[in-house]
Amino acid sequence: CVLISRLRPNLNKVIIPNSAGVANKEIIALYVNTRGEKVLDRNYLAYFLRSERFLNDVSKNATGTTLPRLSLNWLMEYSIVVPPLEKQLQAAEVFDECQLALKDSKNSIKKAEELLCACYQKYFLDPKINKNSWQQVELDEVLSVEPGRTPKVSLLNAPREKNEDGLLKVSAVS
């Protein structure tokens, strides 16, 4: 069984349940035919229903404006590519691996963000709660500032002297 949300199908809510249950009228349960030779794998079907192609098509064909709904008639007339079962299983396995890699990446990003936040708190903490008693100085004690300036028009195309820096225009870096 594959469950797909009928209400607001543009949110792409598709799930393969791992146990039996009861759904309301806003959930469509899709059961892969098991009579005769198996033609469609439910994992492949679920990934297809999450695909950009299907999402675009379902969004264009949803009924209702305030709360768009997936039409059951439209869904049952929708055509999908059905490769041989072996290829479907391979595709679903690749998608599973990609989902796992994506989840791992998200976890890594979350850990990196937490580490970065901890570093900011450790090194750039509020001076009022300076637990390390680190020295505090005003910036003008430890650096000098040289603001940019507008060059004369005659200098823009002038040849540069040896070891002279060129002109960097703001448009070149933005």
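The values are calculated or read from the model by the stated rules, or taken from the named source; none is laboratory data. Predicted model only: the values in this text are computed from it and were never measured. Neighbour counts are summed over all protein chains in view; Cβ atoms, including those assigned to glycine, are modelled from backbone coordinates with ideal geometry. All accessible areas refer to the heavy atoms of the entire protein, side chains included, with ligands and DNA or RNA removed. Shrake-Rupley method; radii C 1.70, N 1.55, O 1.52, S 1.80 Å.
List of remarks:
- Sorting the segments 96-105, 37-46 by their mean number of nearby beta carbons within 10 angstrom, highest to lowest, gives 37-46, 96-105.
- ³J(HN,Hα) computed for each position of the stretch 24-29 - Karplus, 6.51 cos²θ - 1.76 cosθ + 1.60, integer Hz, glycine/proline x: 7, 6, 8, 10, 10, 9
- Accessible area per residue was computed with a 1.4 Å probe on protein heavy atoms; Ser144 scores about 110 Å².
- Across Lys38/Lys103; Lys13/Lys87; Lys13/Lys103, pairs whose alpha-carbon gap is larger than 27 Å: Lys38/Lys103
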